Amino acid sequence: MARQSNIVRIVGNDSYEKLRSTKCLLVGAGGIGSELLKDLILMEFGEIHIVDLDTIDLSNLNRQFLFRQRDIKQPKSTTAVKAVQHFNNSKLVPYQGNIMDSTQFPLHWFGQFDVIFNALDNLAARRYVNKMSQFLSTPLLESGTAGFDGYIQPIIPGKTECFDCTKKETPKTFPVCTIRSTPSQPIHCIVWAKNFLFNQLFNAETNPNLNEEDEEENKDWGTTDLDEINRIRQETNELQELQNIVVSQQENRIHEIIEKLFVHDINKLLLIENLWKTRTEPTPLDITNIQNVSDEPSKKLNLSEIWTINDQVQQLVHVTKKLMKRMPKEQNHIEFDKDDQDTLEFVATTANIRSHIFNIPIKSVFDIKQIAGNIIPAIATTNAIVAGLSSLISLRVLNLLKYAPIKSPTDLNMAFTAKASNLSTNRYLSNPKLAPSSCNCPVCSKVVRGVVSVSSTKYASLTLQNLVDLIKDKYEYTDEISVLDTKNQRLLADFDFDDLLNKTLNDINLTDGTVIMFTDEDEDENGLCHKPLELYLDITETLPTGLDIRLPELEIPLVKAITSEEATAEEEEELSVEKNLTEENIIVLDEEEPSTKKRKIELEDEQAAKKTKSEVEDVIELD
Amino acid sequence: MSSLCLQRLQEERKKWRKDHPFGFFAKPTKKQDGSLNLQRWEAGIPGKEGTLWHEGVYPLTIEYPDEYPSKPPKVKLPAGFYHPNVYPSGTICLSILNEDQDWRPAITLKQICLGIQDLLDSPNPNSPAQEPAWRAFSKNKAEYEKKIALQAKQYSK
Ligand SMILES: [Zn+2]
């Protein structure tokens, strides 16, 4: 085979043999994952296991080249494996599932791999795989793209920076006051229209009286009792009334909704004079704009152009009618979706009318779609480049390139687009050497890690107190320790809370694969305490006979009890640098998965300055 | 939630245990399964001695987002709380709780609680969050003070 001879020529016969016996895990079969799978097959890794939760969507097809129209709704992992069979010389094992599901993918399952490739699209899964790689000391190749930007970072546990050593910037949120009363940018009005107004009107489950759990913007209308404040009551009732108009489809009263939102509410805000001492006062919508609305469907408007206020109002009335008609068919619950033209135009027009009132520039529907949909286009070329770098560097991570041997893990390089890091405009990629793990990292430096194995019979009767006692004994804690379930983020016991100690692990749902953190609550006279200990709970039948529980052999060093002051001081300094660099391109908002994150890295090369670089998922596509 | 967030919250609990101002309390709430939720706390803020507020202990809920300590916690008084800088929902408008203003990752629970205690008796007329209390405070002190005293009784210890 010609291909084989190529790879042999690059790595040599010995390394080729090693490659053929290497088992790798590929997490994600989407944008980067499709490319990586192809690359890993061409490199002839012995065994490739592919995990992906998703099924194929139409919008994937333009760049996830292994998939075709006929594959829509099929699982990505199995479809990808079928698609590559004709040029494949590796053993391929696909799984459809969530990589964070410890039942399907327990730690010992991760343990079979020599190297892990991340091709993920979200922060939570990246963090999880990073942690598993730390538990097992398995090298991880982390990667991500956002538009034309991308990066790869090899992670050698214990030796080089892990995924969490650098801070991940999350999308900016806005203070309630700005959204509700004093917007100053288009985005503020779009958040108001999309997250607050749209929900209030088109989701009958949004009861203005009971929305404590709703999004921030909604919360501020929530009131429970204390009828002394009549105004709030009134405001609440008014909102309920607007929703009633929508639900009962009273088309002839749409103008009341518009008047309430854009005239009366603005007049009320104007009464609070202090708000406008340092700001330009808003101007309520001119009532003639509302009176001018004709019954004729609006003329064809161009979605990339900026409409007049009259057109905005006209189109708002038109699209509100359409949405009203849809309400009964959709169980009085319509969700905003950037690809649902009615919802998009409702949000665009209401946001624009509000912008107009507050002297903020108006945007085209197309622009608002991008902002409200939180879209950065995914670029096939970037994915291909990043996947190529990731697979290439794996040869060095596994030390299979004889002419470029790795003496120390910090000889390895990461790579990222220079533009994303503001580093240089005339160079596409930067590839600094890896930095040693950060001593402040909460994941790789500030905890000691191991696996606690328990037989299932022992597990059935093991109480939390038993486990705590065993641990105190084994690692010589003097007094109280607190217990935290880091997987489900709950505190199970501490100095002031012992309700659960007498329950069995099973009672409190500490199941196979849970990660439990033990923290020393006591400090000695020098302010020192044990470093936190994180244990992976492994319920197993493979313990040697006579042994029903096994704690890992670990040295747990003493560290300073409270450390956050210095750490955060440093962090703040970093933050201020970061803010200067990225203020302009932060996009919002309320999506569960932030679509843009920035991460910081420290460069070891000539610049040695703090720069940012953008990481990211391969995001949803513009269709 | 990130590991950083969890570790920091545990540390906040430790620090509060070692040192908190007299008359204040703060503790994580219980989850349905009986464990504690470090991301949602309840606290009590006593009104300052010698002010109209002193009779009451005012209940707070503190919610720490996943991005804490990069982002500030959301701190709320009960809905409908009468104060110029408290939104109708109870959300408190205070610069140290605002990511865009004075929030810093190093700010502790103790500093937040003391900040709110200060705010009770020294409202900031330039960031009104509700109309009734703001109006009374700026235009009709007598009515304002009457309402505050009444509210203090309602929350008396
Ligand atoms: Zn780390």
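Within region A:48-59, the residues that satisfy the criterion of being open to solvent by less than 40 Å² (accessible area, probe 1.4 Å) and either out of contact with any helix residue (DSSP H, G or I) (no Cβ under 8 Å at 6 or more places or on another chain) or of a type in the set (F, W, Y) (or both) are A:H49, A:S59.
Count of region A:431-490 residues, restricted to those that are assigned to a loop (DSSP other than H, G, I, E, B), over 24 Å from the mean Cα position of the chain (by Cα) and away from the ligand (no atom under 16 Å from the Cβ), is 9. Which of the residues that make up region B:1-14 are within 18 Å of the chain's Cα centre (by Cα) and either more than 10 Å from chain A (Cβ to nearest Cβ) or closer than 25 Å to B:G47 by Cα (or both)? Listed by number, the residues that qualify are B:E12, B:R13. Please enumerate the residues belonging to region B:15-38 that are at the interface with another protein chain (Cβ under 7 Å from one of its Cβ atoms) and polar (S, T, N, Q). Scanning region B:15-38 gives B:S35, B:N37. Hey, among the residues in region A:13-42 that are of a type in the set (S, T, Y) and assigned to a helix (DSSP H, G or I), which one's surrounded by the most Cβ atoms within 10 Å (Cβ to Cβ)? Within region A:13-42, the match that is surrounded by the most Cβ atoms within 10 Å (Cβ to Cβ) is A:S34.
To keep it simple, each residue is scored yes or no on (1) within 30 Å of A:T540 (Cβ to Cβ); (2) open to solvent by 10 Å² or more (accessible area, probe 1.4 Å).
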| site | (1), (2) |
| --- | --- |
| A:V11 | no, no |
| A:E44 | no, no |
| A:L61 | no, yes |
| A:K76 | no, yes |
| A:A80 | no, no |
| A:Q85 | no, yes |
| A:Y95 | yes, yes |
| A:F110 | yes, no |
| A:F117 | yes, no |
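Of the residues that make up region B:77-94, is at least one more than 7 Å from chain A (Cβ to nearest Cβ), open to solvent by 20 Å² or more (accessible area, probe 1.4 Å) and within 29 Å of B:Q130 (Cβ to Cβ)? Looking for residues that are more than 7 Å from chain A (Cβ to nearest Cβ), open to solvent by 20 Å² or more (accessible area, probe 1.4 Å) and within 29 Å of B:Q130 (Cβ to Cβ), one finds at least one in region B:77-94, hence yes. Considering only residues of region B:110-129 that are in contact with a helix residue (DSSP H, G or I) (Cβ under 8 Å, 6 or more places away or on another chain) and over 20 Å from B:G56 (Cα atoms), which is most open to solvent (accessible area, probe 1.4 Å)? Ranking the candidates gives B:N126 first.
Checking the stated criteria, A:D524 turns out to be outside any strand (DSSP E or B) and farther than 22 Å from B:L4 by Cβ.
In region A:151-166, the residues that are within 14 Å of chain B (Cβ to nearest Cβ) reach residues that are within 11 Å of the ligand (Cβ to nearest atom) and at pLDDT 95 or above with C-beta atoms within less than 6 angstrom, at least six apart or across chains, in these pairs: A:C162/A:N130; A:C162/A:I155; A:F163/A:N130. Among the residues of region A:140-164, those that are away from the ligand (no atom under 14 Å from the Cβ), at pLDDT 95 or above and of a type outside the set (V, I, T) comprise A:L141, A:S143. Scanning region A:268-281 for residues that are in contact with an Asp or Glu (Cβ under 7 Å, 6 or more places away or on another chain) and among the charged types (D, E, K, R) turns up nothing. Cβ-Cβ distances below 6 Å connect the following pairs, each with a first residue in region A:53-70 that is farther than 16 Å from A:V81 by Cβ, a second residue that is assigned to a helix (DSSP H, G or I) and of a type outside the set (V, I, T), and a separation of six or more residues or different chains: A:R63/A:G31; A:R63/A:A380.
In the condition set (1) surrounded by 19 or more Cβ atoms within 10 Å (Cβ to Cβ); (2) part of a helix (DSSP H, G or I); (3) charged (D, E, K, R), A:K363 is compliant with all but (2). Of everything in region A:289-310 that is open to solvent by 30 Å² or more (accessible area, probe 1.4 Å) and at pLDDT 85 or above, the residue that is nearest to the other protein chains (Cβ to nearest Cβ) is A:I306.
So that you can scan it fast, the table gives a plain yes or no per residue for (1) among the charged types (D, E, K, R); (2) in a strand (DSSP E or B); (3) within 16 Å of the ligand (Cβ to nearest atom):
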site: A:S59; (1), (2), (3): no, no, no
site: A:N62; (1), (2), (3): no, no, no
site: A:T78; (1), (2), (3): no, no, no
site: A:K82; (1), (2), (3): yes, no, no
site: A:H86; (1), (2), (3): no, no, no
site: A:N89; (1), (2), (3): no, no, no
site: A:P94; (1), (2), (3): no, yes, no
site: A:M132; (1), (2), (3): no, no, yes
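The values are calculated or read from the model by the stated rules, or taken from the named source; none is laboratory data. Treat the numbers as computed from the prediction; the structure is a model and nothing was measured. Cβ atoms come from the backbone with ideal geometry, glycine included; neighbour counts cover every protein chain shown. Ligands, DNA and RNA are excluded from the accessible area calculation, which covers all protein heavy atoms including side chains. Shrake-Rupley method; radii C 1.70, N 1.55, O 1.52, S 1.80 Å.
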